[in-house]
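The values are calculated or read from the model by the stated rules, or taken from the named source; none is laboratory data. Keep in mind the model is a prediction, meaning the values are calculated, not measured. Every residue, glycine as well, gets a Cβ built from its backbone with ideal geometry; the counts of neighbours run over all protein chains shown.
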Amino acid sequence: MSTFIISGSRGTDDPTMATLPFMAAKTAKEQGHDVVLWLWNEAVTLGRKGVADHITGVNLTPLKELLAAIQAAGVPIWVCGACAVARQIGAADLVAGASIKGMPDYIKAVAERDRSVTF
């Protein structure tokens, strides 16, 4: 088993790229790996309740289904705090399993993980 931090930076502006980190997190977890999903830049909007309901990338599983799968699997969803503030997203706005984290949390996780995958 490996440990992964999977980072996404795209949001509703690019549904296909927004979906890929969720697909990767789901797949890695299904393969038995320890996974953290980090959302930063525009991807923080995907951590807001209801947003995933409207995202489907080209020829991909709807984000709503992927989000439900990673939530059910217990994958932590970390939302960049500075990015969230810039988009007026607070902890109460987040989907289940998501929490606001800072850059020190991210850097610590990257240092502790075997793999870092970025979309």
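Quickly run through segment 3-41 and pick out the residues that are touching a Lys or Arg at 6+ places or on another chain (Cβ under 6 Å) and not in a strand (DSSP E or B).
Those that are touching a Lys or Arg at 6+ places or on another chain (Cβ under 6 Å) and not in a strand (DSSP E or B): 17, 18.
For segment 7-39, name all the residues that are touching a strand residue (DSSP E or B) at 6+ places or on another chain (Cβ under 6 Å) and closer than 16 Å to residue 61 by Cβ.
8, 21, 24, 25, 28, 29, 37
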Review point. Could you list, in sequence order, the residues of segment 78-101 that are outside any loop (DSSP other than H, G, I, E, B) and farther than 14 Å from residue 38 by Cβ?
Key: 85, 86, 91, 92, 93
Review point. So which residues in segment 64-90 are within 15 Å of residue 40 (Cα to Cα), within 15 Å of the chain's Cα centre (by Cα) and either surrounded by fewer than 19 Cβ atoms within 10 Å (Cβ to Cβ) or of a type in the set (Phe, Trp, Tyr) (or both), if there are any at all?
Key: 76, 78
Study note, to complete from the structure: For residue 71, the lone unmet condition from (1) closer than 27 Å to residue 112 by Cβ; (2) assigned to a loop (DSSP other than H, G, I, E, B); (3) polar (S, T, N, Q) is (2)
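A quick yes/no check of all residues on (1) of a type in the set (Gly, Ala, Ser); (2) closer than 19 Å to residue 11 by Cα:
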| residue | (1), (2) |
| --- | --- |
| 66 | no, yes |
| 74 | yes, no |
| 78 | no, yes |
| 82 | yes, yes |
| 86 | yes, yes |
| 89 | no, yes |
| 105 | no, no |
| 108 | no, no |
| 116 | yes, no |
Check your understanding: Is it true that some residue in segment 75-86 is within 20 Å of residue 118 (Cβ to Cβ), of a type outside the set (S, T, N, Q) and free of Cβ contacts under 8 Å to residues at least 12 places away in the same chain?
Key -> yes
Review point. Which one of the conditions (1) more than 16 Å from residue 116 (Cα to Cα); (2) modelled with pLDDT of 95 or more; (3) not hydroxyl-bearing (Ser, Thr, Tyr) does residue 8 fail to meet, given that it meets all the rest?
Key: (1)
Check your understanding: Has segment 46-59 got any residue that is at pLDDT 95 or above, surrounded by fewer than 23 Cβ atoms within 10 Å (Cβ to Cβ), assigned to a helix (DSSP H, G or I) and touching a helix residue (DSSP H, G or I) at 6+ places or on another chain (Cβ under 6 Å)?
Key -> yes
Review point. List the pairs whose first member sits in segment 90-107 and is on the phi > 0 side of the Ramachandran plot, whose second member is surrounded by 11 or more Cβ atoms within 10 Å (Cβ to Cβ) and assigned to a helix (DSSP H, G or I), and whose Cβ atoms are under 7 Å apart, counting only residues at least 6 apart or on separate chains?
Key: 97/71
Exercise for review: Please specify each residue of segment 2-43 satisfying the condition of being of a type in the set (Gly, Ala, Ser) and surrounded by fewer than 18 Cβ atoms within 10 Å (Cβ to Cβ).
Suggested key: 2, 32
Check your understanding: How many residues are touching a residue at least 60 places away in the same chain (Cβ under 8 Å), surrounded by fewer than 17 Cβ atoms within 10 Å (Cβ to Cβ) and part of a helix (DSSP H, G or I) if we restrict to segment 108-119?
Key -> 2
